[in-house]
Structures are given as structure tokens and as C-alpha cells.
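The block underneath contains the structure these notes are about, expressed in C-alpha cells.
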Amino acid sequence: MRPPVLRTWLLVSTIATALAAAAQAQQAGGIEGFTTLFISPCGEPFRGRADEPYPVVFWFNQTDANHDGAIDLAEFRTDARGFFDVLDRDHNGYLDGTEIHLYETKMIPDALHIERFGEIAGLIFVQTGPSGPVGTAKEPSRPRARPLQGAAPYNLLTESEPVTAADADLNGRITLVEFLAAADRRFQRLNVNGDGRLKLSDLPKTQAQIVMEAQAKRRRG
């Protein structure tokens, strides 16, 4: 199993390879040959190859600091704090427009700018949702498939941009307080049984994982 990407390497590597990333992706079907993408609840990208488990495993192992098979709120917040520190390049305690732009264009371009990339751009992810206002007993709302945008197919909570989603006051700057508050909300949403522990087997599958597992099953069958 490939170990999780070191965060310091993540920032340096994405900047150093920015100019060549699009060309490499067109040839390899993903960034630097990776074919699967998972974006953690706080927005950190994890990538894997076809012969590796879906990279939610890499995030889980990184976040489960005491390796007891579950992530508690403290570990979840520590994970978010660590990624915030990676994004906060000038270490001034908040993320500004430049840092957010760097994140979107250099760290997750294959999610937000799929037109520049190869194989993954051909996948259309949809999620079933209500077709409109809540229906009546006689005419309930009928489900419809709606496209998932941006990072939504690759994260557990289908957020199209997890970093900017933490901007609670919508002022274009994200403080550490806002980032951790978003982590708290996300933990509660994922902790559906209310026991304060997230186990890998209990986490929802991303839409990308569902599609890719279905494709692999068809190939085997």
C-alpha cells in the first residue's frame, strides 16, 4: 500500500510541476500517472493508481493518528489544522485569494478543471436528489439525476469546493477558526451513529469510487 502523501511534499511538488501538469495528465490519464482521486473532508487531495485501494484509505490512515481503527473529533480537527497550515503559505492565520487560487489550480486541477485532463474528464458523476419542492402525499417528488460539480464526486460530503465552503462569512478570507468550525460540522455529518468515532467501513463512498468500482467489476465480469 502506498503511504499517504507528506503534506510538505504536496505543496512543493504541486508548485514545481505546475507548468507540466496538464501535459502529463493528458498523456497519463491523471496527474503524474495517478488514476484515482479522493478529496478529504477538509479539501486535501489523495491520489492512487489502478492497482491500489481507493485513496480514501490513505487519508484515513493519515488521520487515525493512534491507529486504533477509528477517527475521533480531535484527530479530525488535527487533520484539518495540518492541511490549513499547508495552504497558509505566508502563515498569517488566514487563507486569502492567492492561496485559494493556488489550491484550486495546482492541487486539485483535475477536479476543478477537468477539460485540461484526459481519461477522468470523460466521466460524468451524478447524484440522485429531489426534483423540486417537497411533494404531497398524492404527488411525491420524483427523483432525478443531477450532475456533481467540481470536487463533489471525490469527497465524502459532495462539496464542490471544500476549502471555500469553510468561508462562513463569505468575505473571501478563511481563518483557522472558520476552517476548524467547518471540520466540526463535517465530523458531525459523517458521524451518523453519534458515537464520536468514524470507522473506514462506516464512511460513505464517494461517487467517483462507486463509478470506478462498477467499471472494475464490469471489466472482471
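The values are calculated or read from the model by the stated rules, or taken from the named source; none is laboratory data. None of these values were measured; they are calculated from a predicted model. Glycine gets a Cβ as well: all are built from the backbone with ideal geometry, and neighbour counts include every protein chain shown.
For this structure, a couple of remarks:
- Selected residue (criterion: farthest from Pro55 (Cα to Cα)) from residues of the stretch 177-206 that are without any contact (Cβ under 8 Å) to a residue 60 or more places away in the chain and hydrophobic (A, V, I, L, M, F, W, C): Val177
- Listed by first and then second residue, the pairs with beta-carbon distance under 7 Å, at least 6 apart or on different chains, first residue in the stretch 161-174 and more than 16 Å from Asn92 (Cα to Cα) and touching a residue at least 12 places away in the same chain (Cβ under 8 Å), second assigned to a loop (DSSP other than H, G, I, E, B) and among the hydrophobic types (A, V, I, L, M, F, W, C), are Glu161/Ala151; Pro162/Cys42; Pro162/Ala151.
- Across the stretch 89-104, the number of residues qualifying as surrounded by 15 or more Cβ atoms within 10 Å (Cβ to Cβ) and without any contact (Cβ under 8 Å) to a residue 40 or more places away in the chain comes to 1.
- Ala121 within 19 Å of the chain's Cα centre (by Cα) and modelled with pLDDT under 95: yes
- Residue in the stretch 160-175 that is over 16 Å from Leu87 (Cβ atoms) and under 10 Å from the mean Cα position of the chain (by Cα) present: yes
- Enumeration of residues in the stretch 70-85 that are of a type in the set (Val, Ile, Thr) and surrounded by 19 or more Cβ atoms within 10 Å (Cβ to Cβ): Ile71
- Within the stretch 55-69, the set of residues being buried (at least 18 other Cβ atoms within 10 Å of the Cβ) and touching a residue at least 40 places away in the same chain (Cβ under 8 Å) comprises Val56, Phe58, Trp59, Phe60, Gln62.
- Qualifying residues in the stretch 162-204 (those that are acidic (Asp, Glu) and in a loop (DSSP other than H, G, I, E, B)) - the one farthest from Glu44 (Cα to Cα): Asp195
- All conditions in (1) part of a helix (DSSP H, G or I); (2) of a type in the set (Gly, Ala, Ser); (3) at pLDDT 85 or above hold for Gly43, with the sole exception of (1).
- Subset of the stretch 53-67 [more than 30 Å from Ala216 (Cβ to Cβ) and either of a type outside the set (Gly, Ala, Ser) or in a helix (DSSP H, G or I) (or both)]: Asn66
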